[in-house]
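Only one structure is covered here, and it is reproduced in the block below.
The values are calculated or read from the model by the stated rules, or taken from the named source; none is laboratory data. All of these numbers come straight from a predicted model, not from anything done at the bench. When we count neighbours, we look across all protein chains shown, and the Cβ atoms used for this are built from the backbone with ideal geometry, even at glycine.
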Amino acid sequence: MTSLPLPRTDRAWTGVMAVVLAVAPLFVLESTTYLRLYNQFLIFALLAIGLNIAFGHTDQLFLFMGALAGGAAYVMAVLAQDVLGITPWLLIPVGMAASGALGALVSWVSAKRRLGVILISILTLNLQLALTEAYVGLRGITGGSTGYSFVGLGLDSIGSILGINRFAVLSYLLIVLVVLAQLVYVRLIGGKYGLAFEAIREDDLAAASIGIDVVRYKTVAGFLAAAIIGLGGIMMAEFQGTVLPGDYGFAAVDVMVLIMLIIGGIRTTFGPVVGAAVVFTIEEFLSPVGQWETAVFGALLIVLFLYFRQGLMPVLSDGVDRLRDRTASSSGATDGRS
Amino acid sequence: MVATSTLIAVGIDGIAYGMFLALLGVGITLVFGLGEVLNLAIGMFAIFGTLMAHYLSTAVGLGSVPAFLLGIVVVGILGVTVDRTLLSLVYRSDGEERILLGIFVTLGLSILLEGILTNFFPSRYSLSLGLPRINVIDITIPGSSILVIAVSAVVLASLFAFLRGTFLGKAARTVFQDEVGALLIGVDPRRIRAIVFVLAAIVAGIAGIVYGTTATLGVTDGFQFTIFALIVSIVGGIRSIEGTAVAGILLGIVATYANFFIGAYLASIILFMTAVIILLVRPVVEE
């Protein structure tokens, strides 16, 4: 009976994830199709990490992820190209701050008004629809439904120096961003914020009575989640080479990200990334029956919520624990990782 | 200047649209009040009704009236099936978990129906009955708008009569107010929920079919109808049936006038933002 020397901490596992993510594209460097798929997977992983913070840890079901992502992309691209005329790199933080501020505002108002999860979801759904209409309607600024052309971050010139595809460069940029977001998440949830979130989720009145500022913690969670989602939106614009309202719709973004988070495992560290990978794999297998894809995802949403609300991660981490601690007694082998 | 007669004609279109939304909104309100399930598939039920009636009257070749009636029956069967299968599973959980489960399962159902129906009904359809336009003084009113208003009014009135007058309706209102109390006097909440859910589905089916006689509808409209019905239901007070009906008619009129005067984009933005503001300023009653 040997036990495998597997890592125990989330930070170490994030390192493992980084290596896996970095090695995977090496096999498909020649295939633009797979690189594009890989890019999309990483972008959605970012979005799902954001939703995990808002919905998973603070019960704020953000159904305006598409609008947040699109808003950040428009702010970044329009400011860079039409207003300031400077490199878009400098405006990535500005775009993230814009979507973060909107997320924080919604969280702050909802927490002040003590809105439950259902009202937040409907509130944000209305915002999503209003904002996507605005993106299409403000033709003078956003270019309307045909999209706003974005010259990009100059990844193709980096690619031509290194002799690789533009999408390969974007893959590695995205891997860095996903790993960074993951580290922020691990730090956030492992620290006092994680404890406060847990207390608020259990009972916000009791949490408030022991001095936890519920409104502040929810606002911080809303800001961080929305900023990460905004980053995902900016990367989507870089990926597409244009900011297209259709890429930021409710069905295209919110429904998919929600499915990914649930498949992977809500409130788990690696659930968002695993979920995104699984959904894109399923999508790839479904592509021969493309016209049935919507139906399959609808059915998937129903079945997942009825029978599989825990997601994959609890199953996977149980397996990992068993492999590692095969010699230890079966009880007491938990390391606090859920 | 817009002629007064045009204003009145647009207003009547608005009332027709509003009555349609009121029927859907009341369906959401009733089901949520009874079982805390927010039916996000209601708009798709309505479109399903439209499409079934269209299929039965064109491809199968039934006359308009039998096709419409059969279409309503088919929506009712879908309602029973959903209630027996999906909702039975949802009702097994409680409290906030049930609300969330209800949202996701009905959202999934809506996407599933949309995904299936798009494959069979890829275009936009109308159930035109060829009703003549009616001229009153200077005002030209499409006969189909009058039909929508008349049928919706009858359906809403019978719904209220059902809830006020019949034993079943009274039992439903009892569950609305106090589930434990209802259990104590021998009302089975699950049975009432099933009946009311199917009733709401049938009402949605009627709404979709009747509205289809005046508008051209496609599968993608379903989700938008759900959203509007949701807004109507929440603006009217998610537990008040009368409030929902009034809110539906008002919203229909406002939306139609806004569309007419300031264009579709701005009108929808105003509509959604109004819903946001109402959500935020109204007193929080249900949590």
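Brief remarks on what is shown
- Qualifying residue in segment A:275-285 (condition: surrounded by fewer than 13 Cβ atoms within 10 Å (Cβ to Cβ), within 30 Å of A:Arg11 (Cβ to Cβ) and either more than 7 Å from chain B (Cβ to nearest Cβ) or touching a helix residue (DSSP H, G or I) at 6+ places or on another chain (Cβ under 9 Å) (or both)): yes
- The condition of being within 22 Å of B:Leu199 (Cβ to Cβ) and either free of Cβ contacts under 8 Å to residues at least 40 places away in the same chain or touching a Phe, Trp or Tyr at 6+ places or on another chain (Cβ under 8 Å) (or both) holds for only one of B:Asp83, B:Asp94, that being B:Asp83.
- Test: residue in segment A:66-77 that is of a type outside the set (Lys, Arg) and assigned to a loop (DSSP other than H, G, I, E, B): no
- Candidates are the residues of segment A:290-327 that are of a type in the set (Phe, Trp, Tyr) and within 19 Å of B:Ser93 (Cβ to Cβ); the one that is surrounded by the fewest Cβ atoms within 10 Å (Cβ to Cβ) is A:Tyr307.
- On inspection, A:Val169 passes the criterion of being out of contact with any strand residue (DSSP E or B) (no Cβ under 6 Å at 6 or more places or on another chain) and surrounded by 21 or more Cβ atoms within 10 Å (Cβ to Cβ).
Listed here are the residues, each with its yes/no results for (1) over 26 Å from B:Gly49 (Cβ atoms); (2) within 14 Å of chain A (Cβ to nearest Cβ); (3) under 21 Å from the mean Cα position of the chain (by Cα); (4) modelled with pLDDT of 90 or more.
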{"position": "B:Val203", "(1), (2), (3), (4)": "no, no, yes, yes"}
{"position": "B:Tyr211", "(1), (2), (3), (4)": "no, no, yes, yes"}
{"position": "B:Ser233", "(1), (2), (3), (4)": "no, yes, yes, no"}
{"position": "B:Gly243", "(1), (2), (3), (4)": "no, no, yes, no"}
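- Among the residues of segment B:38-61, those that are hydrophobic (A, V, I, L, M, F, W, C) and either farther than 30 Å from B:Leu100 by Cβ or surrounded by fewer than 23 Cβ atoms within 10 Å (Cβ to Cβ) (or both) comprise B:Met52, B:Ala53, B:Leu56, B:Ala59, B:Val60.
- Look at (1) among the hydroxyl-bearing types (Ser, Thr, Tyr); (2) more than 14 Å from chain B (Cβ to nearest Cβ); (3) in contact with a strand residue (DSSP E or B) (Cβ under 7 Å, 6 or more places away or on another chain) and you find that A:Thr142 fails only one, number (2).
- Checking each residue in segment B:53-80 for being aliphatic (A, V, I, L, M) and either in contact (Cβ under 8 Å) with a residue 40 or more places away in the chain or within 14 Å of chain A (Cβ to nearest Cβ) (or both) picks out B:Ala53, B:Ile72, B:Val74, B:Val75, B:Leu78, B:Val80.
- The number of residues in segment A:1-32 that are closer than 21 Å to A:Leu177 by Cβ, of a type in the set (Gly, Ala, Ser) and touching a residue at least 12 places away in the same chain (Cβ under 8 Å) comes to 3.
- Pair list, Cβ < 7 Å and 6+ apart or interchain, from segment A:101-124 residues that are at the interface with chain B (Cβ under 7 Å from one of its Cβ atoms) and surrounded by fewer than 23 Cβ atoms within 10 Å (Cβ to Cβ) to residues that are acidic (Asp, Glu) and not in a helix (DSSP H, G or I): A:Gly116/B:Glu287; A:Val117/A:Asp59
- Scan of segment B:254-287 for residues that are in contact with a Phe, Trp or Tyr (Cβ under 8 Å, 6 or more places away or on another chain) and either of a type outside the set (A, V, I, L, M, F, W, C) or away from every other protein chain (no Cβ under 14 Å) (or both), ordered by number: B:Thr256
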